[in-house]
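Visitor: The structure under discussion is supplied below as structure tokens; questions concerning it will follow.
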Amino acid sequence: MAGIKRKRKADWCEVGSDILESIMRRLCFVDILRMKRACRWWFSVGESYTSSPSYSPCFQTPWLLIAPPEEEEEDEDGDKGERKSNSSLCFFNLDEKKPYRDVCLCREVYEGRCVGSSHGWLFLLDKTANLSLFNPFSGARIQVEGSLKVGRSEEEELFDVDSYTVDGAKKYKGGRAFISKAILMMSDICKKNINKDKDGVVLIYRGGEKLAFCMFNDGRFMNLDGAHESYNDVICYDNLVCAISQFYGFVEVWDFSATGFSPSPTKVMDIRSCLPLKKAIEFLKSTRQVCCSCHFYLVESCGELLSVVRIVSEFMDVHVHENGKDNQPKKIHLYKTLMFYVYRVDLRHKILVEMESLGDQVLFLGGNNSISLRVQDCPGCIKDSIYFTDSYWERADEDDSYGGHDMGYYNLKDKCVKPFYDTLHRYKMKPTPFWVLPNPW
């Protein structure tokens, strides 16, 4: 036995960079993040690989930013009450059906001051209404220099910023009261980094009433004068900024292509919506729903612009967790999504064409920049479906037990809503959950 040499155990920290990079080329970005946490050497190789010009991340299922259920505290009488804090915010992975708590988040996210997500970036609004972008996966941060107090002139305010203070928090519950949607305006979405010379941001603000944009190199917020205020959604599509109105779903289009995304957009189009009134009324009669509302979204899918109509029941019986000793769900009469309709926006003929199917596409809608991905790139998702989160900002705070619950997925073939996350035994979810697409930059 004395002559037998024992094999030295492999030291994984000594694996060559070429081998590690060949492994990383077969992984999605989140798995690369896990590899980087193994040791300093792997972290160094991972940083070098993801920042190289040759790196192109694989598409993957968007993650849900959500407050997990186990952070509820008990009061002096032993009753469960409000959440201790939002310091337990996490990402929920639809594919693995489990939360991730080790992604770096910043204070504004925990305080519920996140007002949107776009291309992996979170939009943050601080206590003095300063806007910034934060990437929770890379830790990068960009300050939007434009002041929300200034519009076309120094005398014009975009909204009452003074009410967005600690004193105004009682009246306005969170940043969504001011900015209901925020998206990146990117000159080339295929590029990895934000181009501060060409890119900017677009906002729906003042409770959905107005649109504004700011170029990073300009530092001024300017209004987009629309004809169909208020607005539900806005998207950048082929050097165009497209917005869809809250009432009747009119689509308005501004052209920024004169000099890339220029500070002087031109209103070029106004498309009348096709509300599915007859079908919706027949459906409501069959389900005995007496009052519903329409919510509209815009999303780019396979190079085309889609308009999506979300039908929400205003007075549906909903079971949610009750604040009490019996720990039983209670029934309240609040809003809940019933169905969706999808239309292709024909910009050439200025019409909307109804679609019966999304094919192999999956949509992700809510408080985020609307997303469309192939089902092959979204493990854990079902094709021809719309995955949605609660974005009914006007009613999300009207009940202490309900808010953020209205989420699930709707399959266009089956025509029914199903859950992807258990919200039955949940209190009000703050901040309201929304989708984030992991992005290493």
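Coordinate-derived values only; no laboratory data. Treat the numbers as computed from the prediction; the structure is a model and nothing was measured.
Visitor: Just to be sure I understand: of the beta bridges DSSP finds with both ends in region 336-441, what percent are antiparallel, rounded to 5?
Guide: Roughly 80 percent of the beta bridges in region 336-441 run antiparallel, per DSSP.
Visitor: Report, in listed order, any pair from Lys383/Lys418; Lys181/Lys350; Lys210/Lys430; Lys210/Lys350 with a Cα-Cα distance greater than 18 Å.
Guide: From the list (Lys383/Lys418; Lys181/Lys350; Lys210/Lys430; Lys210/Lys350), the Cα-Cα distance tops 18 Å for Lys181/Lys350; Lys210/Lys430; Lys210/Lys350.
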